[in-house]
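The values are calculated or read from the model by the stated rules, or taken from the named source; none is laboratory data. Computed from a prediction, not measured in an experiment: that's the story for all the values here. Using ideal geometry, Cβ is built from the backbone for each residue, glycine included, and neighbour counts are taken over all protein chains shown. Just so you know, the surface numbers come from the protein's heavy atoms only, side chains and all, with ligands and any DNA or RNA stripped out. Shrake-Rupley method; radii C 1.70, N 1.55, O 1.52, S 1.80 Å.
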Amino acid sequence: MTPLINRELGLLEFNARVLAQAAAPETPLLERLRFLCIVSSNLDEFFEIRVSGLREHLDVVAPDGHTLHQTYDLVNQRVRKIIGQQYDMLQNQIMPALAAEGIFFHMADTWNPVQREWAREFFQKELVPILTPIALDPAHPFPRVLNKSLNFAVSLSGRDAFGREAELAIVQAPRVLPRVVQMPEDISGYPHGLVLLSSFMQGFVGELFPALHVHGCHQFRVTRNSDLFVLEDEITDLRAALQGELPTRHLGDAVRLEVAADMPPALAKRLIKECGVNERDCYRVNGPVNLVRLMQIPDMVDCPALKFPLHVPALPPQLSKKENVFDAIAERDILLHHPYESFNPVLELLQQAAADPEVLAIKQTVYRTGNQSPVMEALIQAARNGKEVTVVVELLARFDEETNINWAARLEEVGAHVVYGVVGHKCHAKMLLVVRSESYVKSPKGKQQTRIRRYTHLGTGNYHPRTARLYTDFGLLTADEKICEDVHHVFQLLTGTGEQIKLHHLWQSPFTMHSNLVAYIRAEAKAAKAGRPARIIAKMNALLEPTVIDELYKASQAGVKINLIIRGVCALKPGVTGLSENIQVRSIIGRFLEHHRIYYFLSGGEETLYLSSADWMDRNLFRRVEVAFPVNDKALKARVIREGLQMHLRDNASAWIMQPDGKYVQKHSRSKTAHISQLELIEKFA
């Protein structure tokens, strides 16, 4: 059996590295809070998807040799450690440091009379009209609280107007209510006084239960299984099936219960029973049960000195010299490195294509775009302008299903062709193709003629302008005839039917990508065995596919030097004598989310280089439609190697080095010069 690191524990190790960013004193204070919230958001999804899957198959043996029961116990222990560190950091480091900077959390037990009166007025005017207290009795059973919603268990005594004995009530906080409210500065005494929704509840919950005695008001939160259950081989309309399934997502089986640390044991036990979980699924937290909602604070507070310096993405010189984006692309391939360079050229390509009378057709894949998307608006405008618009919308993009359904409906309203890819294979490829009928003068007679020319954008990241400012990705704008023809054929397979078409340059999952990766890894191993130089460098989000890992082990044993830059989970064990001593795995954690996928093979000095949307995971290589594309321009290829690989391999401050047991050690420079890849790239493109 190929030696592997456990996937779930690998994901938790990634979150431990993110948490270290929140602990780092050199990270700006409000960004430390943001990283803390990111960990909570990641853990939410981890429980909704990964832990819910574990619970359903606890007796199965995982690829790493553990039974899922053992994995579940190890996950439980690791999560508790992370959560303990997280709340200790919040209460004892970040909140005191914020207070020193004039950002103060007013808890209910700290209010002075003036503050209490302001809080009571806010509670009565803004909260009471929306809150619905539910007293538990035979006519009011325990409510099925929504996934990740904020709730309060209120202990009561006394008799109500009907003579009923009061004991316990549940108050659910609707999602429309603000979780953080700013107190006026003249009342707060601080430039930025903040009040949590839980503080309003703890201060005035008794006003929801007139004449009854309130003995306690305790926060709790339930995380539920959020994986949608859609039998793809038994449905005739994927969109209709999803629309029927989405409303139930918030009501799946409970997988985690979070309660306030001061909740009485008897009440916690009652909630455990009512939610259908057990003791080990209950997590006591010393602070707000939903830290994700604190993510809004850095945006609420105008303190630039406590945030990362503003970075304005650069525009490639080649584009700034041309008014028409098509002329610029036709002249030479253009490489975009986000977020250091702007995403606007992609928007400009779409917007010009929508308005250009020479453009005949636009084809695009859509995975994640956001609720408000200039990309989608441009496609809608193109359809209104009479262009042939075809959009492959991936309806099963996790947690973006509803957004994508809404965009699909809007596109269909204006006459665009909307398809949902291939049943059983998520379309994760990032492709945009523009078909143009161009006029030109054919010498020597000077007669004007027309020709069909295609332009394409291929990327490693989503068509999402907001995440393009937060995620590191490469995009390629090209009019290369063979690459454009390859993209055309991939769209043909996605929208139509027929046999697989042999592509010139692109690798495509689920057909050729896995076999090509294996072939290139084996070629490097063969070169090393023959005494020739051999090298593999790969950068991605995750490495899990066992066959690829096994081939990397064999290449290492053959003498190939292998550098892997894996942001998240990596199942490969590096540095094991006799197995992987020639493999180093590093993870870069910084201001931006490392997101590009780059595959580099020395190839006897030819340097094969591919960019892709695909991680080396089973799902990406076998159950998704993905593409990997070459960078043929020598100067651009050199840029990708330098900016996407070498600078990260030189990083001696924000890099974490993976150990054979799956743990990570942060790299600290022994030299006087600290190389932080993201900062160096910001400076390069400033």
Scan of region 32-63 for residues that are hydrophobic (A, V, I, L, M, F, W, C) and open to solvent by less than 30 Å² (accessible area, probe 1.4 Å), ordered by number: 33, 35, 36, 37, 39, 43, 46, 47, 49, 51, 54, 62
Failed item, numbered, when residue 402 is tested on (1) farther than 22 Å from residue 367 by Cβ; (2) of a type outside the set (S, T, N, Q); (3) open to solvent by 60 Å² or more (accessible area, probe 1.4 Å): (1)
Qualifying residue in region 364-371 (condition: at pLDDT 95 or above and either outside any helix (DSSP H, G or I) or among the basic types (Lys, Arg) (or both)): yes
Test result for residue 14, aromatic (Phe, Trp, Tyr), open to solvent by 20 Å² or more (accessible area, probe 1.4 Å), under 22 Å from residue 618 (Cα atoms) and in a helix (DSSP H, G or I): yes
Residue that is surrounded by the fewest Cβ atoms within 10 Å (Cβ to Cβ), among those in region 656-686 that are in contact with a helix residue (DSSP H, G or I) (Cβ under 7 Å, 6 or more places away or on another chain) and closer than 20 Å to residue 642 by Cβ: 680
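Residue under question is residue 424, and the condition is that it be modelled with pLDDT under 95 and either surrounded by 21 or more Cβ atoms within 10 Å (Cβ to Cβ) or on the phi > 0 side of the Ramachandran plot (or both); does it hold? Outline the logic, then answer.
On the way: modelled with pLDDT under 95: yes; either surrounded by 21 or more Cβ atoms within 10 Å (Cβ to Cβ) or on the phi > 0 side of the Ramachandran plot (or both): yes.
The answer is yes for residue 424.
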Filter pass, residue 90 being assigned to a helix (DSSP H, G or I) and in contact with a Gly (Cβ under 8 Å, 6 or more places away or on another chain): yes
Any pair with Cβ under 8 angstrom, 6 or more apart, that starts in region 12-29 at a residue that is under 12 Å from residue 664 (Cβ atoms) and ends at one that is among the hydrophobic types (A, V, I, L, M, F, W, C) and part of a loop (DSSP other than H, G, I, E, B): 13/569; 14/569; 17/589; 18/589; 20/589
Flag for residue 395 being open to solvent by less than 50 Å² (accessible area, probe 1.4 Å), assigned to a loop (DSSP other than H, G, I, E, B) and either of a type in the set (A, V, I, L, M, F, W, C) or in contact with a Phe, Trp or Tyr (Cβ under 8 Å, 6 or more places away or on another chain) (or both): yes
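State the number of residues belonging to region 379-392 that are open to solvent by 10 Å² or more (accessible area, probe 1.4 Å) and out of contact with any Ser or Thr (no Cβ under 9 Å at 6 or more places or on another chain).
Of region 379-392, the ones open to solvent by 10 Å² or more (accessible area, probe 1.4 Å) are 381, 383-388, 390.
From what's left, out of contact with any Ser or Thr (no Cβ under 9 Å at 6 or more places or on another chain): 381, 383-388.
Matching residues across region 379-392 total 7.
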Odd one out for residue 499, checked against (1) closer than 25 Å to residue 9 by Cβ; (2) more than 31 Å from the chain's Cα centre (by Cα); (3) not β-branched (Val, Ile, Thr): (1)
Pair list, Cβ < 6 Å and 6+ apart or interchain, from region 481-508 residues that are more than 18 Å from residue 460 (Cα to Cα) to residues that are small (Gly, Ala, Ser) and open to solvent by less than 40 Å² (accessible area, probe 1.4 Å): 494/421
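Kindly indicate the residue of region 246-263 that is open to solvent by less than 50 Å² (accessible area, probe 1.4 Å) and not aliphatic (A, V, I, L, M) and also modelled with the lowest pLDDT among those meeting that condition.
Initial filter on region 246-263 (open to solvent by less than 50 Å² (accessible area, probe 1.4 Å)): 246, 249, 252, 254-260, 263.
Applying the additional criterion that residues be not aliphatic (A, V, I, L, M) yields 249, 252, 256, 258.
Values: 249: 58, 252: 83, 256: 96, 258: 97.
Taking the candidates together, the pick is 249.
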Matching entry among 563, 582, 620 (being touching an Asp or Glu at 6+ places or on another chain (Cβ under 8 Å) and of a type in the set (S, T, N, Q)): 620
Which numbered condition residue 330 misses (of (1) touching a helix residue (DSSP H, G or I) at 6+ places or on another chain (Cβ under 7 Å); (2) surrounded by fewer than 22 Cβ atoms within 10 Å (Cβ to Cβ); (3) outside any loop (DSSP other than H, G, I, E, B)): (1)
